[in-house]
Amino acid sequence: MKFIEKEKIEFKNPIIIEAFPGTGLVGSIAGFQIIKELKLKYLGYFEIDRIPPLTTVEEGIPYPPVRAYANENLIVLFSDVIIPPFKINELAEFIVETFSNKNPKLFVSLGGIIAGKSEKVYGIANKENLIEDLKNYVEIFDFGVVGGMSGNLLVKCGDKGFDAIGLLAETVGVRPDPRGGANLLDVLNKMFNLNVNVEKLIKEAEAIENKLKELAEQHLKMMSKSRKEYPMYI
Amino acid sequence: MKFIEKEKIEFKNPIIIEAFPGTGLVGSIAGFQIIKELKLKYLGYFEIDRIPPLTTVEEGIPYPPVRAYANENLIVLFSDVIIPPFKINELAEFIVETFSNKNPKLFVSLGGIIAGKSEKVYGIANKENLIEDLKNYVEIFDFGVVGGMSGNLLVKCGDKGFDAIGLLAETVGVRPDPRGGANLLDVLNKMFNLNVNVEKLIKEAEAIENKLKELAEQHLKMMSKSRKEYPMYI
Amino acid sequence: MKFIEKEKIEFKNPIIIEAFPGTGLVGSIAGFQIIKELKLKYLGYFEIDRIPPLTTVEEGIPYPPVRAYANENLIVLFSDVIIPPFKINELAEFIVETFSNKNPKLFVSLGGIIAGKSEKVYGIANKENLIEDLKNYVEIFDFGVVGGMSGNLLVKCGDKGFDAIGLLAETVGVRPDPRGGANLLDVLNKMFNLNVNVEKLIKEAEAIENKLKELAEQHLKMMSKSRKEYPMYI
Amino acid sequence: MKFIEKEKIEFKNPIIIEAFPGTGLVGSIAGFQIIKELKLKYLGYFEIDRIPPLTTVEEGIPYPPVRAYANENLIVLFSDVIIPPFKINELAEFIVETFSNKNPKLFVSLGGIIAGKSEKVYGIANKENLIEDLKNYVEIFDFGVVGGMSGNLLVKCGDKGFDAIGLLAETVGVRPDPRGGANLLDVLNKMFNLNVNVEKLIKEAEAIENKLKELAEQHLKMMSKSRKEYPMYI
Amino acid sequence: MKFIEKEKIEFKNPIIIEAFPGTGLVGSIAGFQIIKELKLKYLGYFEIDRIPPLTTVEEGIPYPPVRAYANENLIVLFSDVIIPPFKINELAEFIVETFSNKNPKLFVSLGGIIAGKSEKVYGIANKENLIEDLKNYVEIFDFGVVGGMSGNLLVKCGDKGFDAIGLLAETVGVRPDPRGGANLLDVLNKMFNLNVNVEKLIKEAEAIENKLKELAEQHLKMMSKSRKEYPMYI
């Protein structure tokens, strides 16, 4: 696992927001909107074994699928592909290690919980004083299982002495839920004065969702078809 | 494999109880009750390859799935997830190694045997004098195959010169059997004067069982659905 | 991964064209024609784990499946077999490393995009000034996912400071599309004055395609049959 | 791969009998009877990757599945579980290495050949003079394929300069065949004056066979059921 | 991968014939006949990962499945089992390395090509002057894919500076084709004055083929049955 840093930024105790894809895509949707609205710069990319060999092209330039965007106060981790479950522990540890020398103020992990509706956002944290603070913004997630990156990143941050919180939006189901993403953004706006337009997100998220789904389907078709028809040659 | 110790405790020849999930969940049920009733502290967690990336949240704080709780006389090893069969040998050896420097008095492994009923508790041990002692509390398991952690942990303890016993409760079947867990707790109470309320266990175990099963099902749904619908992109 | 160099050539800032098989075989078709028409020499071959143990015989001499051909101004990377998807990241990095000491002027990656027709060629690049230049020849691929070697090679070239562009021809589908290959060749001719006969390509590509498909089928039959009938002995 | 030696024995050029499970269980049946009748001591156990985490309990004490028993003249290698086919080469080599410092007189490998009847015992050896000697006791196995440990152990012994023979009993089929086991014991009695009661074996072997099969089935049920019902939790 | 040399032979620029099993078993059939007729000595065996743990017994002595036989002028590589496809590259390289210190005059690889008939033998080589020479004996294989060991061995020999040719006999299909084996032997007789009786081969090859197929089937039955019926025990 490597992080290839492409841009040198003078960080000022940045907040690091993990917005990898998960339930309802809520973290990705919120992260995407922050990156675009705050015009964050492309900071670099993660090289991870077993990630499919895709790149996302923007204005003619290809980018690897797992990337970081940043300004001097904020780093957002974003991915076009799902992180393979058995890479999550290692990646969580690697993220803490990679960004620990940027003097991060706080790690924030975004995620979703299937609830049949998109109303509340729940909070988790790796220290009791952070829990107290979170109560000003969200309801605490009292008891239950949290899968994916959120819980693991908080544990690894705790092991290295970094403060970390998780924000878990309710989602209608596993399908992309722009409303849940907007709810996450609402909380982030209040907590860190990000001032990102939330209403815009809902409209754009649906457009982006459609676009990406279409491309993903096209790509899947490409790969699976070519294999079946020409297993040895091409 | 690593053990990340989060709390420094001055141990006084502790007894180490292995209560990982197995047949009828009897070890987990008994271990859970001991942890709660004796208000054991969170000692730390095991990092094990190929364990699913889940965390269990309690009062807003996420914990990794394979953990140890302790007071100065007692260490209880507990897991929210089944230990993969081919990790058991290595983990048994790692447990002995990890806790050997705490001057443990005795290792106790808890397990279950399907018997169509939940009456007896059987004992095994890694030395003949321990067998004699066990006869005061339980019937000796005379001949047969013991799967999972119990037998292996006793063997590895024996190799390093540590005393170890196993307590195997009869269970109705593979489903969680609070009665079998209570029977284990009865024996542990008598052996080590733990003074843990057994009747309370039976009521609570059922509640916990339901709660955890529900969360597990929800999580499984989450992971399998998201993979099917968005195999490449989220 | 190794590159076994069989011919010593005095390179003069060569252009390196990656023409591995992909959608519509367009890269392979264009690359094959360049190798033949410009009478490039066999430069050497790549040794890659998990590539099927095939060789291609030409005039009685067997060649490994993943090869490079060259003259002093041009290196073409060609493969008789599909590169396994999870080798692509590593191979992209290895290619840049292997040829970086030849003072390459530019890396060019050839690929295809399913479009239901074979008209346009799209361009991508790893630097903005290259995008500007590309606009003189092709339309820029504005936004989307690019799978396979193309995107990855551009990223890895960028990491090492090398200029790299990708040319992506529209293809009717995944099946070999000589028209798409010809369109790539048209652009390459204009860009680098290669002066390769494009019309000839279309006729020959179909013949080659048929020949290779037939051989591939014969080989597949050989391997799968012998396994089923004599699984232990022969 | 490790051998953990639990008992120090002063060996006097011992004969090493490999009695791992195979066709018709004939080696295991003969080996088991020798261990019991000659009251061999538990010498130690093999630690082998990918062996299922089972232990066999005798009189309350758990033992790992692949073990050695011995007196000063004899070492018997016994296993409760089948050795995975792709571990056999490595284990054969490891056995020769492990016991080479005990100055072994001879290695003897026990096995079975499906013949539809349980009459003859065939012999193989790794030297021609041993073949001559074997002709006094058994018919030589003239030509054919021998699977499993027998052939491999002879080859590895030969490579290290140790004498080794294999005794292959006819078996009715793959099911446990006490008659075939008794035939092996007959030959071993004659060759090495072991004086083990053969008739007793036949009666006891059936009882043991039933007992072990029952336990094995119970265990299999345990493991497969628990996985299906609680794949994540328990 | 290892080669265990069992016999010290003073080689005089030997020809090394690779006769591993392949299409139509033609190489194995020809190699077997050369070994028997020229009474070659058992030179040693190859130890290769993932090869099934079989041995072939001849006159009571077990031999590993991948072996070499030799006299001072000739080394024949023979195998009772198919070489796993993904071991072929590594084995080809290992063969060249292993025998390079015997000052080999020439490597000869034997193989088959399905043609619906058994008439011609085609030739390939790793140098142009060898191609010229081959034309005196066989037709040159002009263009196509050659799978398995033949092509790879020629490439690896070429990389190390050794001369190597391949002889590819037409075969009726994938089934053993003694006629194709005889045709190979005819060419080898002419090329190297081996003076091996070809007519004898055809009669014997059929007998051997039947014998080996029968044993292979018996063995397969043994292994697959025992696994199904006693997956844990025996």
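Read-outs throughout are calculated quantities, based only on the coordinates presented, and are distinct from any laboratory measurement. Fair warning: this is a prediction, and the values are worked out from it, not measured in the lab. Every residue, glycine among them, receives a Cβ derived from its backbone with ideal geometry; neighbour counts consider all protein chains shown.
Look at the stretch B:171-177: the mean tally of other chain Cβ atoms within 10 Å of its residues' Cβ atoms is 4. The largest-to-smallest principal axis extents of the Cα set in chain E are 61, 39, 33 Å. Placing a label point 7 Å from the Cα of B:PRO84 along the Cα-to-Cβ direction, the distances to the matching points in the other copies come to 1.2, 1.2, 1.9, 1.9 nm, shortest first. Among residues other than D:GLU7 with Cβ under 12 Å from its Cβ, the summed charge is +1 (Lys and Arg +1, Asp and Glu -1). Mean residue ellipticity, 222 nm, helices only, chain E: the sum of -39500 (n - 2.57) across DSSP H runs of n ≥ 4, divided by residue count and rounded to 500, is -12500 deg cm²/dmol. Per residue of peptide B:61-67, the mean number of Cβ atoms on other chains within 10 Å of the residue Cβ is 6. Calculate the translational D of the protein assembly as shown in whole µm² s⁻¹ from Stokes-Einstein, where the hydrodynamic radius comes from the Kirkwood formula applied to all Cα pairs, the temperature is 10 °C and the viscosity 1.306 mPa s. My calculation gives 47 µm²/s for D. Relative to the other identical copies, D:GLU10 shows label-point distances of 5.0, 5.0, 8.2, 8.2 nm, where the label point lies 7 Å from Cα along the Cβ direction and values run shortest first. Peptide E:74-87 has a mean shielding of 2, counted as Cβ atoms of other protein chains within 10 Å of each residue's Cβ. Remark: A:VAL121, E:VAL172, E:VAL196 ranked as E:VAL172, E:VAL196, A:VAL121, counting other beta-carbon atoms within 10 Å and listing the fewest first.
Counting only Cβ charges, +1 for Lys and Arg and -1 for Asp and Glu, the dipole size of chain C around its Cα centre is about 460 debye. Taking other Cβ atoms within 10 Å as a rough exposure proxy, C:SER109, B:SER79 sort from fewest to most as B:SER79, C:SER109. Under 5 Å between amide hydrogens, built in the peptide plane, is the criterion, and for B:GLU18 it picks out B:LEU77, B:VAL108, B:SER109, B:LEU110 among residues at least 5 positions away or on other chains. Highest mean packing comes first when the peptides D:54-61, D:97-104 are listed by Cβ atoms within 10 Å, giving D:54-61, D:97-104. Position C:GLU199: other-copy label points at 6.2, 6.2, 10.1, 10.1 nm, ordered by increasing distance, label point 7 Å along Cα→C-beta. Under 5 Å between amide hydrogens, built in the peptide plane, is the criterion, and for E:GLU58 it picks out E:TYR63 among residues at least 5 positions away or on other chains. Backbone amide hydrogens, once placed in the peptide plane, bring E:ILE140 within less than 5 Å of E:GLY123, excluding anything fewer than 5 places away on its chain.
Shown for B:ARG175, A:ARG179: other C-beta atoms within 10 Å of each C-beta, ranked fewest to most, produce the order B:ARG175, A:ARG179. Taking the DSSP bridge list for the protein assembly as shown and keeping only pairs wholly inside it, about 60 percent are antiparallel.
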